[in-house]
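The values are calculated or read from the model by the stated rules, or taken from the named source; none is laboratory data. All values derive from a computational prediction rather than experimental measurement. FYI the Cβ positions are ideal-geometry reconstructions off the backbone, even for glycines, and counts take in every protein chain you see. Just the protein is used for accessible areas: all its heavy atoms, side chains included, with ligands, DNA and RNA removed. Shrake-Rupley method; radii C 1.70, N 1.55, O 1.52, S 1.80 Å.
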Amino acid sequence: MSGSYDDSVGVEVSSDSFWEVGNYKRTVKRIDDGHRLCSDLMNCIHERARIEKAYAQQLTEWAKRWKQLVEKGPQYGTVEKAWHAVMSEAEKVSELHLDIKSALMNEDFEKIKNWQKEAFHKQMIGGFKETKEAEDGYRKAQKPWAKKLKEVEAAKKAYHAACKEEKLAISREMNSKADPALNPEQLKKLQDKVEKSKQDVLKTKEKYEKSLKDLDHVTPQYMENMEQVFEQCQQFEEKRLRFFREVLLEVQKHLDLSNDVSYKNIYRELEQNIKTADAIEDLRWFRANHGPGMSMNWPQFEEWSADFNRTLSRREKKKASDGVTLTGVNQTGDQASQHTKHSSVSSSEKNQSYPTEWSDEESSNPFSSTDANGDTNPFDEDASPAMEVRVRALYDYEGQEHDELSFKAGDELTKTEDEDEQGWCKGRLDNGQVGLYPANYVEAIQ
């Protein structure tokens with residue numbers, strides 16, 4: 001239980017046992033660590049909430065941008081509608097992630113904050129009341145035993161010193177017997193010294209043994225008192241551990257969208273919208289509206305007419321380009337009936353509006369080879385240069401690539417380009433270095 005004494009160096013070698021005087025401080029420190037862990041958990045949840053918010057914003061921006069591109073692009077039927085449904089899914093999922101962010105901050109974060117305030121009570125002189133109570137409890141429990149232990153160590157030291165002195169006296173006496181220069185009186189003194197050292201050894205040994213008995217007598221009470229204080233610390237820590245487990249389960253429920261009915265409905269609806277896309281129907285529609293299925297007034301034989309030979313104005317020619325009625329072609333059998341069917345188009349079908357036809361020429365083709373390689377986007381709006389804005393770092397950031405900036409929390413820098421779709425901004429440090437940094441690591445300086 002107590003430390004051993006190394007006679008060669010004359011110091012006590014202490015152990016790492018809880019029962020050693022002062023080793024209770026680890027259990028006291030755990031109380032302070034509990035308060036710090038509460039703060040760390042709140043920071044963890046707060047950072048995750050920021051990530052959820054940023055992800056929701058990115059989903060919304062992505063859906064808005066691509067919805068506009070799809071709406072401006074060619075429309076060929078139900079598959080494009082299914083594509084549109086994918087953007088709608090992103091908007092709905094974005095709302096769910098904003099709900100996660102709100103739940104993390106308004107429920108989980110606040111719950112930890114309130115529990116920490118109720119569990120740890122700050123003192124005017126610094127520290128926490130719970131820490132001081134544990135410290136005082138351990139000191140009170142150890143005081144009687146520590147006093148007896150000090151007596152044991154002193155008695156042990158005296159006994160070991162007497163043994164050492166006895167050994168030295170005996171050695172001197174043995175050496176003197178071989179020295180003819182010493183007279184009997186000197187020999188008598190050495191012998192008396194040996195006798196006295198032996199008596200000192202017996203006295204110190206008796207005192208050492210008595211002090212150990214006294215220490216053993218108070219040890220059971222010491223252990224009981226220390227156990228009592230330790231259990232109080234254990235109960236306090238148990239409350240924190242159980243609370244953390246409860247909070248983390250709540251966090252798990254908020255983060256887990258797999259059991260959310262609305263989340264499942266989003267993808268069930270998306271699946272239905274995609275499955276309704278019918279490639280055959282789209283091809284049939286395109287054939288009827290832009291292909292061989294379109295109606296045609298085939299040329300027919302026409303009798304000569306004086307009115308028909310008049311010169312057409314440019315405006316009448318333009319009208320005629322929309323559809324010329326020709327007659328005079330003799331047809332028989334199925335061909336005649338088929339052409340008759342194509343020519344008998346109702347006025348409502350003739351007036352039906354279809355997507356504007358596009359040319360194969362490179363100058364007017366939105367899907368030219370340049371666009372196919374991803375170099376340009378026919379639907380992108382002209383990007384306007386971003387205004388430079390001064391921002392302040394909220395957290396430390398160490399650049400992972402050669403084109404990333406590094407800064408400490410509180411540093412100021414200049415944002416030169418707005419946040420991209422991946423959540424990165426371009427900026428410039430005060431030393432002139434230009435690079436990228438995560439947008440959610442800074443805030444604008446008001």
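Normalised by the number of residues in the stretch 151-247, what is the relative contact order in percent for Cα pairs under 8 Å and 6+ residues apart?
Details: 43 pairs, mean separation 37.0, N = 97.
Once normalised by length, the contact order is 38 percent.
Pairs with C-alpha atoms separated by more than 30 Å, drawn from the list 81/264; 148/239; 29/156; 64/113; 29/253, are 148/239; 29/156; 64/113; 29/253.
Estimated at 0.36 nm per residue, the fully extended path between residue 125 and residue 422 surpasses their Cα-Cα distance by 102.1 nm. Modelled label positions at residue 188 and residue 118, each set 7 Å beyond Cα in the direction of Cβ, lie 8.7 nm from each other.
Express in nm, to one decimal, how much length is gained between residue 272 and residue 408 on full extension, taking 0.36 nm for each residue of separation and deducting their alpha carbon distance. Write out the running numbers ahead of the final one.
On the way: separation 136, 0.36 × 136 = 48.96 nm, distance 4.91 nm.
This chain segment gains 44.0 nm when fully extended.
Extension gain residue 26-residue 72, at 0.36 nm per residue separation less the Cα-Cα distance, in nm?
Numbers: separation 46, 0.36 × 46 = 16.56 nm, distance 6.74 nm.
Contour length minus the Cα-Cα distance gives 9.8 nm.
Summarising the label geometry, the points placed 7 Å from Cα in the beta-carbon direction at residue 400 and residue 33 lie 3.0 nm from one another. Using R0 = 51 Å, the C-beta based FRET efficiency linking residue 245 and residue 287 works out to 0.20.
Give me Rg/Rg_expected for the stretch 65-154, where Rg uses Cα atoms only and Rg_expected = 2.2 N^0.38 Å with N residues.
Details: Rg = 31.8 Å, N = 90, 2.2 N^0.38 = 12.2 Å.
Working it through for the stretch 65-154, the quotient is 2.62.
Give me the percent of accessible area attributable to carbon and sulfur for the stretch 157-217, probe 1.4 angstrom. Don't jump to the answer; show the numbers that get you there.
Numbers: 2590 of 4750 Å².
Carbon plus sulfur share of accessible area: 55 percent.
Residue-normalised convex hull volume from the C-alpha trace of the stretch 38-105: 54 Å³ per residue.
In this structure, the amide hydrogen of residue 418, modeled 1.01 Å from its nitrogen in the peptide plane, lies closer than 5 angstrom to those of 386, counting only residues at least 5 positions away or on a different chain.
What the Kirkwood sum gives for the stretch 389-444 is a hydrodynamic radius of 10.8 Å, with every pair of different alpha carbons counted.
With both labels modelled 7 Å from their Cα along Cα-to-Cβ, the residue 219 to residue 62 distance reads 6.8 nm.
Carbon and sulfur atoms: what percent of the 1.4 Å accessible area of the stretch 389-444 do they account for? After summing per-atom areas, the C and S share lands at 43 percent. Calculated on the Cα set of the stretch 133-211, radius of gyration then Dmax: 20.1, 71 Å.
Take the alpha carbon gyration tensor of the stretch 181-246, find the square roots of its eigenvalues, order them as a ≥ b ≥ c, and report rounded if a/c is under 1.5; if not, report prolate when a/b exceeds b/c, else oblate. It would help to have the intermediate numbers written out before the result.
Working: a/c = 14.12, a/b = 4.44, b/c = 3.18.
Prolate shape, in that a/c is at least 1.5 and a/b is the bigger ratio.
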